[in-house]
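First up is the structure itself, then whatever we jot down about it.
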Amino acid sequence: MRSPICAFLGHVDAGKTSIMDSIRDTFFAYKESGGLTQNIGSTEVPTERINELSADLLKRFNIEVKVPSIIFIDSPGHEAFVTLRERGASVADLAILTIDVNAGIQQQTLESIDILKSYKTPFIIALTKIDRIKGYIPQKDISFLDFIKAQNNEYVENLDKKVYDLIADLSINSLQAERYDRVKDFTKEFMIVPVSAVNNIGMMDLLIMIIGLSQRYISLEAEKGNYASILEEKSIKGVGKIYDAIIYSGTLKVGDSVITLTPNGPEEDKIKGITVLIPLEESRENFGKYESVKEVSAAKPIRLMLQNSNAMAGASLASFSSEEEKKRILEEISESSSGYNNANAEGLVVCADSIGSIEAIRKIAASKGIKIGKTKIGGPSKDDVSTAKVNGSVILCFNVACDKKTESIATMNSVSILISKSIYELFEKYSSFSADKSRMELEGKLKSLTLPGKIISLKGNIFRRSNPCVFGVEVLGGEIRPGYVLIKSDGTKLGRIENIQSDGINVDHATMGQKMAISVDGAVYGRNLSEGDELFNDISIEDVIKFSELADKLPKDYLDTLAETRKIKRL
């Protein structure tokens, strides 16, 4: 049974690194710039440490730790999860979604939930900073179950309210959740574990839930193949370029021939050196301690030195020992990078900061029915604009910038460049863009057509009897415009609308519910027009045929009015 791989997700400053500090008994969170994580980091927490922290609670829950360790991955936002990439899927066996008890669900929380859903990854919710709730009685180094017993009624009620508010918010996102000690069915409800990292409250509860979930519901048996996922590329003084990685399947050895993804596509390389992160150490530069090894087996945080050093962060790396195996791996990695720098791939153009980010965008796009075509790492170029012009006229840019020259070329070619540092926000921008584009396209198509419209002549509102007849109307459905010809409910023509006025001011159209004064050439009050008459826009058979192609885009009142008009004209 291999070690489970657990990635942190959540909003910035929700307490991800502080949880790891508490488990390791370290202070890395305070070494980061501004107290915020800047890079991806990994840690192996061995069974001995888990037993040391959670011995009493393990006995209470009657759980035996069978896995050798837990591999934790920590990073800013969601990057650790999307960069842990296994041929198009996530290497992470489970995730910890951190939510600040006072801030609740935030933008990156929603983004993380979307990512977890798209990868179908089980997760536990760590409800952080519970020491900041009103009524808190200070405690340290204690399980949540013992902690809550020591609190007064005010604190317990305040915490319960926070928990149930969160449960309600999660349900809006189709997630059933409950405080972990109240969960009745672990296959249907997500666990919420309240914690305070700075006071080491609930850490043992969190570890035990990770162990329990991993050992009972996740397959941790050895898989076929020798694979690693590259997290980050670094340059170490005196060593050169190295790659932080997680080996998640099989064994890698110094001297192994490997296939990995490069800017030029999948290429062959060779392992020159391997170092393994010492348990309870932290992989980020200047923090972690490593030991050199000749070979390493899953699952472990490692550093690799490669002969060509052209691999891309977020890519899978796999070793092979035969030409047949080499061919299979090349096909796998090519398939998982489908669309990368391929101008012929149909779908939206995506520019992002890493392969992992591209994969996350692909997953979320697929869940929304959006097709992704050409993808690349880095900002958009003139060539990307050309590709986008025939693939949706939009470029999605995640965590990358666009230069002024490309912006200018995009504007000249009517291509929109949408940029965001949040995948969730990026898709919100695309949704707005799509809605605006659809509306403009519809308006363009409707401009040449006579729209359906139904009005009624209001009683007591005849202002001029003829030449032209001016009278008050209310729009009952669809819309009316100057130039439209009106017919009566028996199909006879009344005349052409010359003007539409509201409070003496000319307007270019009127829609359902609006009351207006209109002038109609050809109408004569008392001869072919009476108060209370229902009138309709005269629509040709050609326009009726064109409307059938736009039926799903027209409001219901337009469609209902169109149906009435067709019945009157027997079309």
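The values are calculated or read from the model by the stated rules, or taken from the named source; none is laboratory data. Given the structure is predicted, the values throughout are model-derived calculations rather than measurements. Ideal geometry is used to build each Cβ from the backbone, glycine not excepted, and the neighbour counts take in all protein chains shown.
In this structure, does Ser42 turn out to be modelled with pLDDT under 90 and either surrounded by 18 or more Cβ atoms within 10 Å (Cβ to Cβ) or under 30 Å from Gly225 (Cα atoms) (or both)?
Numbers: modelled with pLDDT under 90: yes; either surrounded by 18 or more Cβ atoms within 10 Å (Cβ to Cβ) or under 30 Å from Gly225 (Cα atoms) (or both): yes.
Here the answer is yes, as Ser42 does meet what is asked.
Tell me, yes or no, whether the stretch 168-181 has at least one residue that is touching a residue at least 24 places away in the same chain (Cβ under 8 Å) and more than 28 Å from Ile361 (Cα to Cα). Yes, the stretch 168-181 contains a residue that is touching a residue at least 24 places away in the same chain (Cβ under 8 Å) and more than 28 Å from Ile361 (Cα to Cα).
Take the residues of the stretch 413-433 that are hydroxyl-bearing (Ser, Thr, Tyr) and in contact (Cβ under 8 Å) with a residue 60 or more places away in the chain: which is nearest to Ser357 (Cα to Cα)? Outline the logic, then answer.
Start the filter on the stretch 413-433 by keeping residues that are hydroxyl-bearing (Ser, Thr, Tyr), which leaves 414, 416, 420, 422, 424, 430-432.
Now restrict to residues that are in contact (Cβ under 8 Å) with a residue 60 or more places away in the chain: 422, 424, 430.
Numbers: Ser422: 10, Tyr424: 12, Tyr430: 17 Å.
The selected residue is Ser422.
Here is a yes/no grid of residues against (1) over 41 Å from the mean Cα position of the chain (by Cα); (2) of a type in the set (A, V, I, L, M, F, W, C); (3) assigned by TED's automatic domain parsing to the domain that holds Glu531:
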{"position": "Arg439", "(1), (2), (3)": "no, no, no"}
{"position": "Cys469", "(1), (2), (3)": "yes, yes, yes"}
{"position": "Glu474", "(1), (2), (3)": "yes, no, yes"}
{"position": "Asn506", "(1), (2), (3)": "yes, no, yes"}
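When Ala523 is tested against (1) assigned to a strand (DSSP E or B); (2) in contact with a Cys (Cβ under 8 Å, 6 or more places away or on another chain), just one condition goes unmet, and that condition is (1). Taken over the stretch 250-267, the criterion of being touching a strand residue (DSSP E or B) at 6+ places or on another chain (Cβ under 6 Å) and either more than 14 Å from Lys300 (Cβ to Cβ) or at pLDDT below 90 (or both) is satisfied by Val254, Asp256, Ser257, Val258, Ile259, Thr260, Pro266.
Considering only residues of the stretch 372-423 that are of a type in the set (D, E, K, R) and within 17 Å of Asn341 (Cβ to Cβ), which is modelled with the lowest pLDDT? That would be Lys376. Of the strands (runs of 3 or more DSSP E) that lie entirely inside the stretch 197-310, not one contains 3 or more residues that are basic (Lys, Arg), crowded, with 18+ Cβ neighbours inside 10 Å and outside the structural domain of Lys120 (by TED's automatic domain parsing).
Within the stretch 404-462, the residues that satisfy the criterion of being surrounded by 15 or more Cβ atoms within 10 Å (Cβ to Cβ) and among the hydroxyl-bearing types (Ser, Thr, Tyr) are Thr406, Ser416, Ser420, Ser422, Tyr424, Tyr430, Thr450, Ser457.
Out of the residues in the stretch 311-341 that are assigned to a loop (DSSP other than H, G, I, E, B), touching a helix residue (DSSP H, G or I) at 6+ places or on another chain (Cβ under 6 Å) and closer than 23 Å to Glu44 by Cα, state the one that is modelled with the lowest pLDDT. Steps first, answer last, please.
Taking the stretch 311-341 first, the residues assigned to a loop (DSSP other than H, G, I, E, B) are 311-315, 321-322, 337-339, 341.
Filter again for touching a helix residue (DSSP H, G or I) at 6+ places or on another chain (Cβ under 6 Å), leaving 312, 314-315.
With the extra rule that they be closer than 23 Å to Glu44 by Cα, the set shrinks to 314-315.
Values: Gly314: 75, Ala315: 79.
The extreme case among them is Gly314.
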